[in-house]
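Asks: There's a structure below that I have some questions on.
The values are calculated or read from the model by the stated rules, or taken from the named source; none is laboratory data. Just so you know, these numbers come straight off a predicted model, no measurement behind them. As a convention, Cβ positions derive from the backbone with ideal geometry for all residues, glycine included, and neighbour counts pool all protein chains shown.
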Amino acid sequence: MKRRNPTSSTPFIRVAPSGVHGLGAFATRDLPAYAFLGLYEGRRYTQPEIAAKAWDDQLTYLFTLSNHETIDGGKGGNGTRHLNHACDPNCEAVEEYDDAGELMLKFQTIVAVDAGDELFIDYSLTADDGSPASKYPCRCGSPNCRGTMLAPAEAD
């Protein structure tokens, strides 16, 4: 049995129903800016494995890294998979290499967060198939909401 990395626990996250979408991740205590929330864990897939899989519009917890590996938080993941999208996030995902040279994804706050606040990241999705932004609606309700979970358009 693979022993879990002690940094993989998520003591500052409580999973509960979200007013934005499904389940969300909530701070269990007041957290300062740049507080470590946990690693994104799950089964890892290569690009060919992802391309060969039929997802059929099912709910997924997929996060693609810069090395093109994809982590499926729905298979062996933890509470970090429940961070919902917001256009004005209070958290971010950061890639780092561990001591063994494996690319890891960690979540951290980017501003101070109060206990009980929902934790959000900006998904900045890309529509590889050219789908319209309306296929990825955002429900974050922030004053600066883009109306979509797709990444902001690049300024020309």
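Asks: Looking only at region 6-43, count every residue that is surrounded by 16 or more Cβ atoms within 10 Å (Cβ to Cβ) and without any contact (Cβ under 8 Å) to a residue 40 or more places away in the chain and tell me the total.
Replies: 3
Asks: Identify all residues within region 76-116 that are in a strand (DSSP E or B), in contact (Cβ under 8 Å) with a residue 24 or more places away in the chain and surrounded by fewer than 13 Cβ atoms within 10 Å (Cβ to Cβ); write none if there are none.
Replies: Selection gives Glu95 alone.
Asks: In this structure, does Lys106 turn out to be basic (Lys, Arg) and under 22 Å from Ile13 (Cβ atoms)?
Replies: Criteria met by Lys106.
Asks: Something else now. State which residue is surrounded by the fewest Cβ atoms within 10 Å (Cβ to Cβ) when the search covers only region 54-75 and only residues that are aromatic (Phe, Trp, Tyr) and assigned to a loop (DSSP other than H, G, I, E, B).
Replies: Only one residue tops the list, namely Trp55.
Asks: Those residues that are outside any loop (DSSP other than H, G, I, E, B), at pLDDT below 90 and either within 14 Å of Asn84 (Cβ to Cβ) or not polar (S, T, N, Q) (or both), I need them from region 117-156; list them, please.
Replies: The answer is Leu125, Ala133, Lys135.
Asks: Any residue in region 16-37 that is in contact with an Asp or Glu (Cβ under 8 Å, 6 or more places away or on another chain), of a type in the set (Asp, Glu) and closer than 23 Å to Cys145 by Cβ?
Replies: No, the conditions are met nowhere in region 16-37.
Asks: Among the residues of region 14-53, which ones are within 11 Å of Leu83 (Cα to Cα) and in a loop (DSSP other than H, G, I, E, B)?
Replies: The answer is Ser18, Val20, His21, Gly22, Tyr40.
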